[in-house]
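Computed from the coordinates by the stated procedures, all read-outs in this text should not be read as laboratory data. Keep in mind it's a predicted model, so treat the numbers as computed, not measured. Ideal geometry is used to build each Cβ from the backbone, glycine not excepted, and the neighbour counts take in all protein chains shown.
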Amino acid sequence: MAATSTTAEPTRRDFIYIATGAVAAVGAAAAAWPLIDQMNPSSAVLALASIEVDLTPIQVGQSITVKFRGHPLFVRRRSAKEIAAAKAVAVSELPDPLARNENLPDDAPATDANREIKAEWLIVSGVCTHLGCTPNAFEGDFGGWLCHCHGSMYDTAGRIRKGPAPQNLAIPTYSFLSDQRIKVG
Amino acid sequence: MRFALPLGLLLGLALSVPAAAAVGDRAPLKHVDWSFEGPFGTFDRADLQHGFQVYKEVCSACHSLNRVAFHTLSEEGGPGFSEAQMKAIAAGYKVLAGPNDKGDTVDDKGNPLTRPGIPADHFPPPFPNEEAARAANGGALPPDLSIIEKARVGGPDYVYSIITGFGQKPPAGFKVTDGKYYNPYFLGWNISMPQPLTDNQVTFVDGAPAKIEDEAKAVVTFLAWTSEPHLEDRHRMGLGVMVFLIVLSGLLYLSYRRVWKDAH
Amino acid sequence: MSGQSTYVPQTGFTRWLDSRLPIVRFAHDTMLTFPTPRNLNFWYAFGAILTFCLGVQIVTGIVLAMHYVPNENMAFDSVENIMRDVNYGWLLRYVHANGASMFFLAVYVHMFRGLYYGSYKAPREILWILGVLIYLLMVITAFMGYVLPWGQMSFWAATVITNLFSSLDQISGGLKVGTHVATWLWGGFAVGDPTLNRFFSLHYLLPFVIAAVVGLHIWALHVPGNNNPLGIDVKGPQDSLPFHPYYTTKDAFYVGLFAILFAVLVFYAPEFVGNPDNNIPANPLVTPADIVPEWYLLPFYAMLRSIPQKLIGVIVLGGAILTLAFIPWLDTSRVRSNRFRPLMKQFFWVFVVDCLVLGYCGSQSVDASLHLGGIEVSLVWIARIGTAYYYAFFWVLMPVIGLIETPKPLPDSIAKSVLGPAE
């Protein structure tokens, strides 16, 4: 005799099938997770998610480029003139009034003080906020950086002053481990 | 009856014995009940840390550990160093540095430029290349130890037997090659490595006993971890998967029987 | 048996789809209502188990390929990266490597089942030959896959097997066809980086070719319908049951049991079927003490090594697989299933033991020997006897036994046999 069709409410026979289906579905989801998670950054990649930079070899007025999470990071030891030039600018003059500093709240204004922890050291992402090129230091009209791709110019606090870039250069999370050593990321 | 012929053949095969052992064949391995063996095995944390110390103070003079990154020392399932301890260990090593601003890769004395290790670095090798390693070891190449216990039949028992198997008298008539040492656990009985461990060669920070067997047990456990850092993950997940599959198979069986009940 | 489709689309959308691309009808007819003999036993679940294995290998293979680097300087390291750094990489790698072994375990059971129940006999000859083709593709895929980690065994197994082609020099005189073929396979003068790269490309490709041939295999199955343990034809609807829910649930249960065995390997003995030498990076200048293929190729390896002459050895090896394609015409019996063939049945089980013995011989070193009741017998001679029986089973026993044996009387029908006499 063939199996009769089930009634509207789950009978005892249906319960077995529902239970089996549910357990199988949980298993399928559990099996799918490693297949998805394997694409997330591996521990080798994550080990480089945070870097430490030794500041001792950097001279006053010098800017170095370090690789951080696959992108350039500018570490610039600003001279007194550069600091003064940055502080002299009113936020209202800036095309982008926000600090773009991961160490501060999102709405912090782009005053020079909000762009670093210690005035002498400017730590800023080397990715132009227009289309991602790497700007050149000590070029452009504002003493900061000039991006040769489309002419964006940044000042000595890494803020956009002229050109198509919409935002100030981003400042990543960082802290001073000592006077001469920072940890970024 | 129908199985008589094939069963007979199988029985004959089972009753037959492999031919007698020849000179140079490996001696039966010493067996230790390792904490990480068996379906619920885990690494003994103290053994891992002691073992790391043994590797660092004794073995690393000749043997590299190329595939192990410093950051794994503080990760779950491993020796369990704190992040600060791990960073200090890394910084204690000199790692090859890239060219400096002038483009030099060596200093004025001709030594390669180095920098302190960071967590992302791997253990630097004791020799810059295979040729240097051979030159320093009488022509023999000390193997990298990262996966040694998966790369030898017998795994941990083999490594343990080798490093505690020195000092025995070779059988009469067997000549030990010049520059080599007698070790019955090594194929051919002539091993290039001198006895690596002696009693209390390493002083464990926590004062644990350090006889040869203790040092060997520690370093074998450490090398079992370097060979398989995810062993504890594997055992843990295995338990969950087995329970799940047994439950699921049980439910599948009940569904199958339910469906087939009306078929006969 | 292909009959009339009983699918009736229930909604507007399914009616619309059915008149444009009857894919739901196709699934319904082949996987839901398909009439399947009601007496299929455990041995018949391995088709579904094999489909599960193919799926697992393809899925794990694709994600592993996201991290693997097919370059001789980086391959071994990339596998170590997978084992150590990639999230769940160790799990994916162990599933893929042990999955290959499980795949072959299942395919051997599946093939022995076909031999025992006469599933290769008319009208299923093409079905059987497609199966042999799938098996051959599996062997090639597994061989290339084993080379990819670029361990000592990867490299040297590749060297030994690709060197076999150079034996063709013996029959091509000055043309040196064999050397040219080997050079062409290698992309150089020996196994090296070009070899590794092309093996990766082909290892990625062939599983999809296998999937396509599996599609043909199932199509060829569905024309006459499944064979069954009695070996007698389905005579009407009383002899069969719809594939769903009867065989979907039954197969699912056996896949579950298979997964338990698979999980035991992956989680508790992941290196058990492997060779420790493959955890040593490949070194073209140092040959391992014993070059051994993975267990599923050991019987053929034993056959190859039992013949001292290289070219003959290659022919014996190739012939052993090629022989399988001729089976539908070698067996002269009018009765399909060994259940009713008392004489053939015994030779079948001897054949099974023979394959195991050959496998054992393949696993030992060339000069190994056994003490059988006081005499020392070299394994090479055991392998020669084993090879002789292998060939004799197909080329002598199958034709002859079918003619001389008296089969047991067959039941009237499947239904009568399963359900008992009608009420």
Q: Could you tell me which residue of segment B:200-232 is nearest to residue B:144 (Cα to Cα), considering only residues that are within 14 Å of chain C (Cβ to nearest Cβ) and in a loop (DSSP other than H, G, I, E, B)?
A: B:228
Q: Check B:137, B:183 and return the single one that is farther than 30 Å from residue A:44 by Cβ and buried (at least 18 other Cβ atoms within 10 Å of the Cβ).
A: B:183
**Q.** Residues of segment B:62-71 classified as over 17 Å from residue B:116 (Cα atoms) and either within 12 Å of chain A (Cβ to nearest Cβ) or surrounded by fewer than 12 Cβ atoms within 10 Å (Cβ to Cβ) (or both), total
**A.** 1
Q: Scan C:377, C:396, C:357 and give me the residue that is over 30 Å from residue C:234 (Cβ atoms), within 14 Å of chain B (Cβ to nearest Cβ) and over 21 Å from the mean Cα position of the chain (by Cα).
A: C:377
Q.
For segment C:36-67, give me each residue that is over 25 Å from residue C:259 (Cβ atoms) and either at the interface with chain A (Cβ under 9 Å from one of its Cβ atoms) or part of a loop (DSSP other than H, G, I, E, B) (or both).
A. C:38, C:39
Q. Out of C:403, C:379, which single residue is among the hydrophobic types (A, V, I, L, M, F, W, C) and out of contact with any helix residue (DSSP H, G or I) (no Cβ under 8 Å at 6 or more places or on another chain)?
A. C:403
**Q.** Hits in segment C:268-306 - residues which are free of Cβ contacts under 8 Å to residues at least 24 places away in the same chain and not in a helix (DSSP H, G or I)
**A.** C:269, C:271, C:272, C:285
(Q) Can you confirm whether residue C:88 is more than 18 Å from residue C:197 (Cα to Cα), of a type outside the set (Gly, Ala, Ser) and within 14 Å of chain A (Cβ to nearest Cβ)? (A) yes
**Q.** Pairs where the first residue, in segment B:147-174, is farther than 18 Å from residue B:195 by Cβ and the second is crowded, with 21+ Cβ neighbours inside 10 Å and basic (Lys, Arg), C-beta under 8 Å, 6+ apart
**A.** B:147/B:67
Q.
Tally up the residues in segment C:110-160 that are part of a helix (DSSP H, G or I) and closer than 20 Å to residue C:325 by Cβ, please.
A. 27
Q: Return the total of residues in segment B:221-264 being of a type in the set (S, T, N, Q) and over 16 Å from residue B:77 (Cα atoms).
A: 2
Q) Looking at this structure, is residue C:95 under 14 Å from residue A:40 (Cα atoms), within 12 Å of another protein chain (Cβ to nearest Cβ), crowded, with 23+ Cβ neighbours inside 10 Å and hydrophobic (A, V, I, L, M, F, W, C)? A) no
Q | Qualifying positions in segment C:68-91 - among the β-branched types (Val, Ile, Thr) and not in a helix (DSSP H, G or I) | A | C:69, C:86
(Q) Let me spell it out: the conditions are (1) closer than 30 Å to residue C:62 by Cα; (2) surrounded by fewer than 18 Cβ atoms within 10 Å (Cβ to Cβ), and residue A:108 meets all of them except one. Which number is the exception? (A) (1)
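Residues checked against (1) of a type in the set (Lys, Arg); (2) in a helix (DSSP H, G or I); (3) surrounded by fewer than 14 Cβ atoms within 10 Å (Cβ to Cβ); (4) in contact (Cβ under 8 Å) with a residue 60 or more places away in the chain:
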residue	(1), (2), (3), (4)
B:27	no, no, no, yes
B:51	no, yes, no, yes
B:55	no, yes, no, yes
B:81	no, no, no, no
B:84	no, yes, yes, no
B:95	no, no, no, no
B:102	yes, no, yes, no
Q. Residues in segment C:120-155 that are within 16 Å of the chain's Cα centre (by Cα) and not aromatic (Phe, Trp, Tyr): how many?
A. 16
Q) Taking segment A:32-50, which residues are surrounded by 14 or more Cβ atoms within 10 Å (Cβ to Cβ), more than 7 Å from every other protein chain (Cβ to nearest Cβ) and either closer than 16 Å to residue C:61 by Cα or hydroxyl-bearing (Ser, Thr, Tyr) (or both)? A) A:50
Q: Within segment C:277-298, work out how many residues are within 9 Å of chain B (Cβ to nearest Cβ) and touching a Gly at 6+ places or on another chain (Cβ under 8 Å).
A: 5
Q.
Of all residues being in a loop (DSSP other than H, G, I, E, B) and not aliphatic (A, V, I, L, M) in segment C:392-414, which is nearest to residue C:323 (Cα to Cα)? Just the residue, please.
A. C:405
Q. Within the set of pairs 6+ apart or on separate chains, which have a first residue in segment C:39-53 that is closer than 14 Å to residue C:109 by Cα, a second that is among the acidic types (Asp, Glu) and not in a helix (DSSP H, G or I), and C-beta atoms under 8 Å apart?
A. none
Q. When segment A:125-165 is examined, which residues are found to be in a loop (DSSP other than H, G, I, E, B), of a type in the set (Phe, Trp, Tyr) and buried (at least 18 other Cβ atoms within 10 Å of the Cβ)?
A. A:142
